[in-house]
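Chemist: Got a structure for you, written out below as structure tokens; questions coming shortly.
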Amino acid sequence: MKRFLILLLVVGVILSCIAIALEGIPVQETSEQPQKIKILLDIAGENDLLPLATKHLIEAFSKTENVDVVLEIEEGVSYVISVVLVEARAGAKMQKTDNVAACVQYIDYFDNSILKQDVAVSNWERVNNLTENLIEHSRTGLYLFSKNELEKMTNGVVSKFQELFLEKDE
């Protein structure tokens, strides 16, 4: 009987040690943060429009959940939104009219560093395939608006992006 009680005590002590050791192991959370989608924002146009348009576009995209906007190419970029802004001019002196045209291109990410190498060695078949791929995986939109409606246009750009790329994945 003594042996049985000693064996029971040893087993109890071992199980207690295992339980204490397991309590010290940190539990990993199963609810992971969703990965943010990186968007490269490429804006070109007249100098007086660029800072304002950039500010409005960054603000509009920051309101979109799980989207991170970058202004320089970096690892992990999924989409490129290219915006070209031109302010209309009229009259003999070509004065600005405060009306703006914005051409926006929405592109599934396309790495043109590959294209540069192919052009250098005249691999035209590959260049044609890559260019065709670029055209197939991009959408273009034209916005015409007055300069004081820039924020409205940027919200339209974000909405169109969501419609083209984010909502199709749901």
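The values are calculated or read from the model by the stated rules, or taken from the named source; none is laboratory data. Small disclaimer: the values here were computed from a predicted structure and weren't measured. No Cβ is skipped: glycine too gets one built from the backbone with ideal geometry, and neighbour counts run over all protein chains shown. Just the protein is used for accessible areas: all its heavy atoms, side chains included, with ligands, DNA and RNA removed. Shrake-Rupley method; radii C 1.70, N 1.55, O 1.52, S 1.80 Å.
Chemist: Among what's in segment 92-103 and is of a type in the set (D, E, K, R) and touching a helix residue (DSSP H, G or I) at 6+ places or on another chain (Cβ under 9 Å), pick the residue that is surrounded by the most Cβ atoms within 10 Å (Cβ to Cβ).
Modeler: Just the residues of segment 92-103 that are of a type in the set (D, E, K, R), to begin with: 93, 96, 98.
Those still in the list that are touching a helix residue (DSSP H, G or I) at 6+ places or on another chain (Cβ under 9 Å) too: 96, 98.
Working: LYS96: 14, ASP98: 10.
So the residue we want is LYS96.
Chemist: Any idea which of (1) modelled with pLDDT of 75 or more; (2) in a helix (DSSP H, G or I) is the one ASN47 doesn't satisfy?
Modeler: (2)
Chemist: While we're looking at this one, here's another question. Which residues, taken from segment 43-57, are within 22 Å of SER138 (Cα to Cα) and surrounded by 15 or more Cβ atoms within 10 Å (Cβ to Cβ)?
Modeler: First, pick out the residues of segment 43-57 that are within 22 Å of SER138 (Cα to Cα): 43-45, 53-54, 57.
Those that are within 22 Å of SER138 (Cα to Cα) and surrounded by 15 or more Cβ atoms within 10 Å (Cβ to Cβ): ILE43, GLY45, ALA53, THR54, LEU57.
Chemist: Which residues, counting only those in segment 79-91, are open to solvent by 40 Å² or more (accessible area, probe 1.4 Å) and small (Gly, Ala, Ser)?
Modeler: Those that are open to solvent by 40 Å² or more (accessible area, probe 1.4 Å) and small (Gly, Ala, Ser): ALA88, ALA90, GLY91.
Chemist: Being part of a helix (DSSP H, G or I), in contact (Cβ under 8 Å) with a residue 40 or more places away in the chain and out of contact with any strand residue (DSSP E or B) (no Cβ under 7 Å at 6 or more places or on another chain) is the filter here, so list the residues in segment 50-63 that pass it. Please lay out each step first, then the result.
Modeler: As a first pass, look at segment 50-63 and keep what is part of a helix (DSSP H, G or I): 50-62.
If we keep only those that are in contact (Cβ under 8 Å) with a residue 40 or more places away in the chain as well, we get 52-53, 56-57, 59-61.
Result: LEU52, HIS56, GLU59, ALA60.
Chemist: What number of residues within segment 104-121 are open to solvent by less than 70 Å² (accessible area, probe 1.4 Å) and more than 30 Å from ARG89 (Cβ to Cβ)?
Modeler: Here is the first cut: in segment 104-121, the residues open to solvent by less than 70 Å² (accessible area, probe 1.4 Å) are 104-108, 110-111, 113-115, 118-119.
Filter again for more than 30 Å from ARG89 (Cβ to Cβ), leaving 108, 110-111, 113-115, 118-119.
So the count comes out to 8.
Chemist: Could you check, for segment 107-125, whether at least one of its residues is assigned to a strand (DSSP E or B), among the basic types (Lys, Arg) and either over 17 Å from the mean Cα position of the chain (by Cα) or modelled with pLDDT under 85 (or both)? Break it down into steps so the answer makes sense when it comes.
Modeler: Restricting attention to segment 107-125, the residues satisfying the condition of being assigned to a strand (DSSP E or B) are 107-108.
From what is left, the residues that are among the basic types (Lys, Arg) are none.
No, segment 107-125 contains no residue that is assigned to a strand (DSSP E or B), among the basic types (Lys, Arg) and either over 17 Å from the mean Cα position of the chain (by Cα) or modelled with pLDDT under 85 (or both).
Chemist: Filter segment 132-169 for residues that are surrounded by 12 or more Cβ atoms within 10 Å (Cβ to Cβ), of a type in the set (S, T, N, Q) and touching a residue at least 12 places away in the same chain (Cβ under 8 Å) and give the result.
Modeler: ASN133, SER138, SER146, THR154, ASN155, GLN162
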